[in-house]
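Visitor: Before we start, here is the structure in question, set down as structure tokens.
Only the coordinates and a few stated rules stand behind these numbers; no lab work does. What you are looking at is a predicted structure, and each value in this text was computed from that prediction instead of being measured. For neighbour counting, all protein chains shown are included, and Cβ atoms are generated from backbone atoms with ideal geometry for every residue, glycine included.
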Amino acid sequence: MQRLISRLRARVDLRVVQTRYSLATLNRDVLRAISSGSGVAGGYPLTDGSGIHLSVHAPSARSAASVASAMRSRLGIPVVATPSGPAVPQYCAVPKSHATLGPGSRCYDLENFWGGDVIQSPYVFCSGGFGVHNPAGGEYLMTAAHCAYNGSAYVNGISFHNGQDPAHWQGIGAITDVPGEHDWAAIPAGAGDQIYYGPGIYSGDTHTTRTVAGQHATSVGDSLCESGSFGGLLCDFTVSALNYSYHQTGPSQTWTDLALATSGSGQWTMAGDSGGPWFSLDGSTKVWAMGIHHGLLENAADQPLYEMFTPVTVATSDSGLTVNTG
């Protein structure tokens, strides 16, 4: 950042100023608001550091504004709020798949497994994220931590496989690294350096893939795509906020450091896309790893407001894992 600022100062009038509140302070106050019992579902620091934005379980904007006023008095910082419904973790129970393709597809993946494939446990269907490796060369397939659901809690050790036809099930491995405050997990498995790049299994599946060039940090304003195993390839998403914290009920869990994105196309992800890859395009035939899919944040009328995902840099910083590239 210092080198960038130095270069920019040669061409533009640039000033660096301290924000009114630190990121740590604002993140702490978001979590205090969530645990206040006032119906706060989640929130994030405003990008200029001047306060926080809260999502409130409320029937109207007026009700949300009342909660914002109470939180301003309680926390002593500026607060804005909007009404929201529940977050929707995107695993599903009974897919109605139209997938018909053979090996090398989302529903018939083979080791080394690719991101955006179907991963199935005895409890849920989700999507694979990115192939990653540790310093010793051990390989893993990333996914969402909330896919580690056993019917009542998030736990380690649940085994996943690929494929809906028992005659062609491919064992993947048992999920690790859950629970935690960040919605990512890793499955020890032979994992490749590609992601599926085409229709999801409701639309016939795909053999098409793109190779991963590396990872990038997520910034507000980024234009991104997502490729879940059920919803397929979707683009025209724009990142609108970072550091979002959300408290989920059933089972109770607070997820932190999520990114929010809006849809420019009006198309949204669906159940079963959890764990799938978020990425940007590099202008050729490769993609840059950007995140792991969490789910939808909806309004009080059950309409999508935002997509939510865990930035891949959060996951790799936690784990010391490195994205597989080709």
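Visitor: Could you calculate the contour length gain from E181 to T47, that is, 0.36 nm times the residue separation minus the distance between their Cα atoms, to one decimal place in nm?
Guide: Using 0.36 nm per residue and subtracting the Cα-Cα distance, I get 46.1 nm.
Visitor: Take the chain, connect every pair of alpha-carbon atoms lying under 10 Å apart with a spring to form a Gaussian network, then pick out the residue of V132, V80, V118 with the largest mean-square fluctuation.
Guide: V80
Visitor: Which FRET efficiency value, to the nearest 0.05, is calculated for R28 and T249 with the Förster distance at 22 angstrom and r the Cβ-Cβ distance?
Guide: 0.55
Visitor: Output the direction-averaged projected area (hull surface divided by four) of the convex hull of the alpha-carbon atoms of the stretch 2-84, in nm².
Guide: 6.6 nm²
Visitor: Which one, S223, L296, S284, is farthest towards the positive end of the dipole of the stretch 88-323 when Lys and Arg carry +1 and Asp and Glu -1 on their Cβ?
Guide: S284
Visitor: Let me ask something else about it. Please give me the summed charge of the neighbours of I52: other residues whose Cβ is under 11 Å from its Cβ, Lys and Arg +1, Asp and Glu -1.
Guide: Net charge in that neighbourhood comes out at +2.
Visitor: Now a separate question. Please give, to one decimal in nm, the separation of the simple spin-label points placed at T238 and H133, each 7 Å out from Cα toward the Cβ.
Guide: 3.9 nm
Visitor: So, by mean Cβ neighbours within 10 angstrom, what's the order for 36-42, 303-309 with the highest one leading?
Guide: Ranked by mean Cβ neighbours within 10 Å, highest first: 303-309, 36-42.
Visitor: Could you please rank F160, F237, placing first whichever residue has the fewest other Cβ atoms within 10 Å of its Cβ?
Guide: By the 10 Å Cβ count, ascending: F237, F160.
Visitor: Continuing with this model, one more query. Give me the net charge of A68's neighbourhood, meaning all other residues with Cβ under 12 Å from the Cβ of A68; Lys, Arg count +1, Asp, Glu -1.
Guide: That works out to +3.
Visitor: Go ahead and run the numbers for FRET between M1 and R62, Cβ-Cβ distance against an R0 of 45 Å, rounding to 0.05.
Guide: It comes out at approximately 0.65.
Visitor: Pull up all non-local amide H partners of G198: gap of 5 or more, or a different chain, and H-to-H distance under 5 Å with H placed in the peptide plane.
Guide: Amide H neighbours of G198: L233.
Visitor: Another question, then. Explain nothing, just the number: dipole magnitude of the stretch 88-323 about its Cα centre with +1 on each Lys and Arg Cβ and -1 on each Asp and Glu Cβ, in debye rounded to the nearest 20.
Guide: 220 debye
Visitor: Still on this model: Place the peptides 7-15, 211-219, 137-145, 150-158 in order of packing, highest mean first, counting for every residue the other Cβ atoms within 10 Å and averaging per peptide.
Guide: So the order, starting with the most tightly packed, is 137-145, 211-219, 150-158, 7-15.
Visitor: At a 10 angstrom cut-off on C-beta neighbours, averaged per residue, how do the peptides 285-298, 253-266, 58-71, 188-201 rank from highest to lowest?
Guide: Ranked by mean Cβ neighbours within 10 Å, highest first: 285-298, 188-201, 253-266, 58-71.
Visitor: Then there's this: Which value in nm describes the separation of the simple spin-label points at N150 and L14, placed 7 Å from the Cα toward the beta carbon?
Guide: Placing both labels 7 Å beyond Cα along the Cβ direction yields 5.2 nm.
Visitor: Quick one: grab the alpha carbon gyration tensor of the stretch 174-240, order the square roots of its eigenvalues as a ≥ b ≥ c, and give me rounded if a/c is under 1.5, else prolate or oblate depending on whether a/b is larger than b/c.
Guide: Since a/c reaches 1.5 but b/c is at least a/b, the shape of the stretch 174-240 is classed as oblate.
Visitor: Hey, another quick one. Calculate, in nm to one decimal, what V220 and S203 gain on full extension: separation in residues at 0.36 nm each, minus their alpha carbon distance.
Guide: Length difference between fully extended and current span is 3.0 nm.
Visitor: Per the Debye formula with a single identical scatterer at each Cα and no solvent contribution, what log10 I(q)/I(0) holds for the chain at q = 0.08, 0.10, 0.14 Å⁻¹?
Guide: Here the Debye-derived log intensity ratios amount to -0.37, -0.57, -1.04.
Visitor: Normalised by the empirical 2.2 N^0.38 Å for globular proteins, what value does the Cα Rg of the stretch 185-326 take?
Guide: Normalised Rg, Cα atoms only: 1.01.
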